[in-house]
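Colleague: Quick one: the structure is below, and I'll ask about it shortly.
The values are calculated or read from the model by the stated rules, or taken from the named source; none is laboratory data. Computed from a prediction, not measured in an experiment: that's the story for all the values here. FYI the Cβ positions are ideal-geometry reconstructions off the backbone, even for glycines, and counts take in every protein chain you see. Just so you know, the surface numbers come from the protein's heavy atoms only, side chains and all, with ligands and any DNA or RNA stripped out. Shrake-Rupley method; radii C 1.70, N 1.55, O 1.52, S 1.80 Å.
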Amino acid sequence: MNTILRKSILGIAGLTVAGGLAAGPLNHDTSTPTTRDAAAVTTTQAAKLDSAALIPHGVQGTQSRIDLDDEQTANVKAIIAATKKAGMDERAAVVSIATALQESKLENLGHLGDRNDHDSQGLFQQRPSSGWGTVEQITDPEYSTMAFLKGLKQVDGWRDMPLTKAAQTVQVSAYPDHYAQWEQQAADLVAEHWNS
């Protein structure tokens, strides 16, 4: 090894050691971290996604938020599981959850009688008469999410458009701008549950 290269390597190693020694006293924690502590920190960081990163275009308009019960939280987890099964990413889960928040408040709704919008049912208020599937299928959270995601995949450039436009292109709602109000809560839910 030539002399210049050896001196460079030794110099870098010396700076690394000196830097470590200089930084050492600044850490006032006298406990010795264990491998388990390091693993816990890494797991905690990996478990929590940044919800801001899940909203690449920013939210539009005033945001709404509801408290979720156990059933609604289970439906969030089912949407996330189906999104992963479909091979889609966290942003697709945000669009899906925001859509379900608008359509059903994340409740797997059956037929509501006179209060029903035609024959709409399930988390996404999909209609058997519009070809979304049978009643049994569209009231199955995995099936209904997969059906929604199949439609989303067919929307050219859905990642580059506002959430409400992507959702509306799939859903064809009479209220196309209403999906936007749920984007922040949907992103927060995906950040909380994607890795759980």
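Colleague: With respect to ASN108, determine if the residue is in contact with a Gly (Cβ under 8 Å, 6 or more places away or on another chain) and modelled with pLDDT of 55 or more.
Modeller: In short, yes.
Colleague: Can you confirm whether GLN168 is open to solvent by 50 Å² or more (accessible area, probe 1.4 Å), within 15 Å of THR99 (Cβ to Cβ) and part of a helix (DSSP H, G or I)?
Modeller: So GLN168 fails the test.
Colleague: Taking the stated definitions as given, is SER144 under 21 Å from GLN72 (Cβ atoms) and in a loop (DSSP other than H, G, I, E, B)?
Modeller: no
Colleague: In the range 47-96, which residues are surrounded by fewer than 17 Cβ atoms within 10 Å (Cβ to Cβ) and in a helix (DSSP H, G or I)?
Modeller: Selection gives ALA47, ALA52, ALA53, ASP70, GLU71, THR73, ALA74, LYS77, ALA81, LYS84, LYS85.
Colleague: Show the residue pairs that are 6+ apart or on different chains and have beta-carbon atoms under 6 Å apart, the first residue being within the range 173-187 and within 13 Å of GLY58 (Cβ to Cβ), the second being open to solvent by less than 50 Å² (accessible area, probe 1.4 Å) and of a type in the set (S, T, N, Q).
Modeller: Pairs found: ALA180/THR164; ALA187/SER51.
Colleague: Within the range 78-105, track down each residue that is at pLDDT 95 or above and acidic (Asp, Glu).
Modeller: Listed by number, the residues that qualify are ASP89, GLU90.
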